[in-house]
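The block underneath contains the structure these notes are about, expressed in structure tokens.
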Amino acid sequence: MNSGEISLYEAVGGEATFRALVERFYARGEADPLLRPMFPEDMEPGKRWQILFLSQYFGGTRSYELERGLPRLR
């Protein structure tokens with residue numbers, strides 16, 4: 001990235017934006033009777049990893065990679 005350019009992560013509002021996005025996604029999944037059984041009882045760890053993954057993918061910190069290794073689709 002050239003100096004003066006900002007990442008998409010920064011352009012959309014950083015971690016707060018990705019946290020809000022993930023919270024909305026999980027809230028809808030939790031409220032849906034068909035989807036809820038697909039999620040674990042405690043959804044907090046999954047939310048955290050999703051926030052870290054999305055943040056890194058869109059140009060934020062490398063926290064996901066540092067804690068879990070290289071991001072991979074499973």
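The values are calculated or read from the model by the stated rules, or taken from the named source; none is laboratory data. Because the structure is a prediction, the values reported are computed rather than measured. Quick reminder, even Gly has a Cβ in these numbers, built from the backbone with ideal geometry, and neighbours come from all protein chains shown. Side chains are part of the model used for accessible areas, which takes the heavy atoms of the whole protein and leaves out ligands, DNA and RNA. Shrake-Rupley method; radii C 1.70, N 1.55, O 1.52, S 1.80 Å.
List of remarks:
- Identity of the residue in segment 1-48, over 20 Å from GLY60 (Cβ atoms) and touching a Lys or Arg at 6+ places or on another chain (Cβ under 9 Å), that ends up most open to solvent (accessible area, probe 1.4 Å): GLU30
- Listed by first and then second residue, the pairs linking a residue in segment 12-26 that is on the phi < 0 side of the Ramachandran plot to a residue that is of a type in the set (A, V, I, L, M) and not in a helix (DSSP H, G or I), with Cβ atoms under 6 Å apart and 6 or more places separating them unless they lie on different chains, are TYR26/MET43.
- Looking only at residues of segment 1-36 that are among the β-branched types (Val, Ile, Thr) and under 15 Å from the mean Cα position of the chain (by Cα), we find that the one that is nearest to ARG48 (Cα to Cα) is VAL22.
- Yes/no for TYR64 being of a type in the set (Phe, Trp, Tyr) and open to solvent by less than 70 Å² (accessible area, probe 1.4 Å): yes
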